Amino acid sequence: MSDIQIPMDVYESPREIVIVVPLGGVQKKSVEMYFDDYKLVISGKRVQPKIKDDLLPLQQECYWGEFKQEVELPPHIYFDRIKSTISSENILQIIVPKSLKPEKMKVDVDY
């Protein structure tokens, strides 16, 4: 698997992290996600459309083939509550809920 990365946006609020990955040209069935330590790994394959054999490239900016993208996640998340969807526009959205941390909390001591 290639370590080629595709563009993505990552947003954060006090309650969650939202990852948005446009997957134009990526086969939906090729998209896989898994955890490696505290990293969410997203991989898949972008398929190049068939073009005429006699065409020579003047400019090539699109990546075609396998890709792998890693997203570093904080330790205070609910790994078992992560949800992902792919829209009809082929945009992957991943919602990672954060666990709530108390700001200050008194702990009673038994004597």
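The values are calculated or read from the model by the stated rules, or taken from the named source; none is laboratory data. Note that the structure is a prediction, hence the values are computed from the model and not measured. No Cβ is skipped: glycine too gets one built from the backbone with ideal geometry, and neighbour counts run over all protein chains shown.
Here are the numbers:
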quantity	calculated
Residues that are modelled with pLDDT of 90 or more, among the basic types (Lys, Arg) and more than 20 Å from Glu32 (Cβ to Cβ), drawn from segment 75-111	Lys98
Looking only at segment 37-63, and only at residues there that are over 18 Å from the mean Cα position of the chain (by Cα) and within 21 Å of Glu89 (Cβ to Cβ), the one that is surrounded by the fewest Cβ atoms within 10 Å (Cβ to Cβ)	Glu61
Within segment 16-36, considering residues that are among the charged types (D, E, K, R) and surrounded by 10 or more Cβ atoms within 10 Å (Cβ to Cβ), the one modelled with the lowest pLDDT	Lys28
Segment 39-89, residues that are without any contact (Cβ under 8 Å) to a residue 40 or more places away in the chain, of a type outside the set (Asp, Glu) and part of a helix (DSSP H, G or I)	Arg81
Among residues of segment 26-38, those that are assigned to a strand (DSSP E or B) and over 15 Å from Met8 (Cα atoms), counted	4
